[in-house]
């Protein structure tokens, strides 16, 4: 997959510096990953798939002024969303020191003023309301609903990056929509979905 072509085919509106920033991010990720094992993805094709997967929701997400990404890891999806949404304040929560350090380094190196890195478990954070809460491959939906309860209100949306088992995880009374792509099921939750 050619990342740039794939994103342009989706007509995703991205900032002028997005692909430059993505290239720098990938270069740093490969260097850091050799020493710190930040992600299991070791080749460019897999990293490009992760980036595409992270940024695709821009095609259907409503505008938001701030978002919280639970368990950002090496930057998926929160850091990638931050690069694609420069007018959104993005808080990346990552408890592992080596990953949080990498995220902080990328923030500084790319001048991502809209990014805040929090090296904690989300359960240890002060309560704060976000327009959007995201998470990719951290835990099941019920646990994510519990972990996010101090960070959302009735107007907040939740976006969980899931696999095919998402259908087994969604409570029947939950207002939601599942957006399906070839490799991903995006679970979008909110009262006005």
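Table: residues versus (1) in a helix (DSSP H, G or I); (2) over 21 Å from residue 148 (Cβ atoms); (3) without any contact (Cβ under 8 Å) to a residue 24 or more places away in the chain.
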site: 39; (1), (2), (3): no, yes, no
site: 53; (1), (2), (3): yes, no, no
site: 73; (1), (2), (3): no, no, no
site: 76; (1), (2), (3): no, no, no
site: 80; (1), (2), (3): yes, no, no
site: 86; (1), (2), (3): no, yes, no
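Reported count of residues in the stretch 179-191, each being loosely packed, with under 15 Cβ neighbours inside 10 Å and either in contact with a helix residue (DSSP H, G or I) (Cβ under 6 Å, 6 or more places away or on another chain) or free of Cβ contacts under 8 Å to residues at least 12 places away in the same chain (or both), is 2. Screening the candidates 170, 133 for the property of being crowded, with 20+ Cβ neighbours inside 10 Å and touching a helix residue (DSSP H, G or I) at 6+ places or on another chain (Cβ under 7 Å) yields one hit, 133. Within the stretch 115-127, the residues that satisfy the criterion of being in contact with a helix residue (DSSP H, G or I) (Cβ under 6 Å, 6 or more places away or on another chain) and either surrounded by 11 or more Cβ atoms within 10 Å (Cβ to Cβ) or under 19 Å from residue 160 (Cβ atoms) (or both) are 115, 117, 119, 122. The set of residues in the stretch 89-113 that are assigned to a loop (DSSP other than H, G, I, E, B), surrounded by fewer than 18 Cβ atoms within 10 Å (Cβ to Cβ) and touching a residue at least 24 places away in the same chain (Cβ under 8 Å) contains only 95.
None of the figures in this text is laboratory data; all of them are computed from the coordinates on show. Computed from a predicted structure; not experimentally measured. Glycine gets a Cβ as well: all are built from the backbone with ideal geometry, and neighbour counts include every protein chain shown.
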